[in-house]
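Since the structure comes first, as structure tokens, the remarks are kept for the end.
The values are calculated or read from the model by the stated rules, or taken from the named source; none is laboratory data. The structure presented is a predicted model; accordingly, all values stated were derived computationally and were not measured. Every residue, glycine as well, gets a Cβ built from its backbone with ideal geometry; the counts of neighbours run over all protein chains shown. SASA here: full protein model, heavy atoms, side chains in, ligands and nucleic acids out. Shrake-Rupley method; radii C 1.70, N 1.55, O 1.52, S 1.80 Å.
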Amino acid sequence: MKKFRLGFIIVSIVALMVFTACSGGEESASVNTSETRSVSSSDVNYPTKTINITVPYDAGSSTDIRARYLAQILGEKLGVTVTVTNLAGAAGSIGTIDYNMKNADPHEILIAGIAAMTTAPLTNSALPYTFDDFKVIAALDQEEQILYTCPQQSGISSFEQLIETGKTRTIKYGGGGPTAANDIIQAAAYKQAGIQYESIVTSSTSQRILDVLGGTVDVTCAPPSSGAEFVASGELVPIAVLSPEPYSGFEGLTVPTLNSFGYENFVFNAYNIILMNGDVDQTYVDFLTEAIHEIYETEGYQEKAEDLGMNICYDSPEQVKKNVDSTISAFSEMLQFINN
């Protein structure tokens, strides 16, 4: 069997889409106050007007919900209105293109999954941006990714059983299409296992879960929050987690790592990042980094994040950039491995 050693990967599959339809809208996430307040000891004359956050995914998606809560708290902290604009499509690349075409303005922010910066450009060389066009403000959140099966439909209740089944018939897995991180990750793993596999493409995580429950697919990759209800009812079985450590968030269960089955360095977490146009002065970026990290430290934000099933990510901008650059390199290798 040809071995493929994956580099350290942290990628976002939150709200990945392979269609190109767009939706737009703007909503205020806080109210204006008469005076702009400063953050920490900074004396930056900022903000001086409404801040707008572009979210390149549908309104109501998990990334959107979390971005809107951050917008609310950020607006309260800075004393300005913070709006959120959704422009969805093509794995986040449509909204990212729109954002990147705007003039550099520290009042314009982008919150996107790493896939918009990695798998989208890697699979579409025509995209008019790369990760180097942006500056990192902070990470927003990260979330484990789990492989789920429905034994009542597929007869598969463990990762070992999935591999054995794949030696006698084609394993159908739920993915987001050839540009989607969840699809690429699964294809690389199943190819390394030497089994027969086929991607069944859908545009949402919730639909992929329903496809597993309905028997349309044998397995899919999704965060704990998407599968928790069905794991509790016994309909879904979490067979592996793509994280460095086993997952114990489901009551009475410990989900083994994919690494533990010999698939070394398959580390794959949903990961959203907060970005700004690369031509904006670094002073404004640093100001927002400080403000957002201060928000993360508040008890109220942490409690709300827990309610949303959100794992706050405290990575520094430098660590975020390192993670993204590593992901770009790793996915380049994965795609080459899959296509050979």
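Miscellaneous remarks
- To the nearest ten degrees, helix 282-296 and the longest principal axis of the Cα atoms of the chain are 70 degrees apart.
- Whole-angstrom gap from segment 160-199 to segment 229-290, using each part's C-alpha centre: 20
- Protein heavy-atom accessible surface, 1.4 Å probe, per residue over the chain: 40 Å².
- Note on ASN124/ASP43: beta-carbon distance plugged into 1/(1 + (r/R0)^6) with R0 of 41 Å gives a FRET efficiency of 0.45.
- Each of the trypsin sites (Lys or Arg not before Pro) that DSSP puts in a loop and that has at most 16 other Cβ atoms within 10 Å breaks the chain; the longest unbroken stretch is 170-340.
- Calculated [θ] (222 nm, deg cm²/dmol) that DSSP helices of n ≥ 4 give over the chain, each run adding -39,500 (n - 2.57): -11000 deg cm²/dmol
- Relative contact order (percent, whole number), the chain, Cα cutoff 8 Å, 6+ residue spacing: 27
- Proximal charge balance of THR130 [Cβ under 15 Å; K/R count +1, D/E count -1]: -2
- Gaussian network model of the chain, Cα within-10 Å springs - most flexible of MET101, MET310, MET117: MET101
- Computed over segment 92-245, the alpha-carbon pair-distance distribution with 10 angstrom bins reads 10, 36, 29, 17, 7, 1, each value a whole percent.
- (i) 1.06; (ii) 0.98; (iii) 0.96, with the label sought being that of the calculated Rg/Rh (Cα atoms, Kirkwood Rh): (ii)
- With the charge dipole of segment 61-211 set up from +1 on Lys and Arg Cβ and -1 on Asp and Glu Cβ about the Cα centre, the Cα lying farthest toward the positive end among the listed residues ASN86, LEU162, ALA139 is that of LEU162.
- Within the accessible surface of the chain, defined with a 1.4 Å probe on protein heavy atoms only, the carbon and sulfur portion equals 47 percent.
- Prolate/oblate/rounded call for segment 57-113, Cα gyration tensor, a/c under 1.5 rounded: oblate
- Note on the chain: with a GNM built from Cα contacts shorter than 10 Å, the maximum mean-square fluctuation among ASP307, ASP281, ASP105 falls on ASP307.
- Comparing GLN72, GLN145, GLN207 in a Gaussian network model of the chain (Cα springs below 10 Å), the most mobile by mean-square fluctuation is GLN207.
- Loop GluC sites (Glu not before Pro), segment 245-340, which have at most 15 other Cβ atoms in a 10 Å radius of their Cβ (DSSP): GLU251, GLU264, GLU297
- √(5λ) per eigenvalue of the Cα gyration tensor, segment 154-256, largest first, Å: 20, 16, 14
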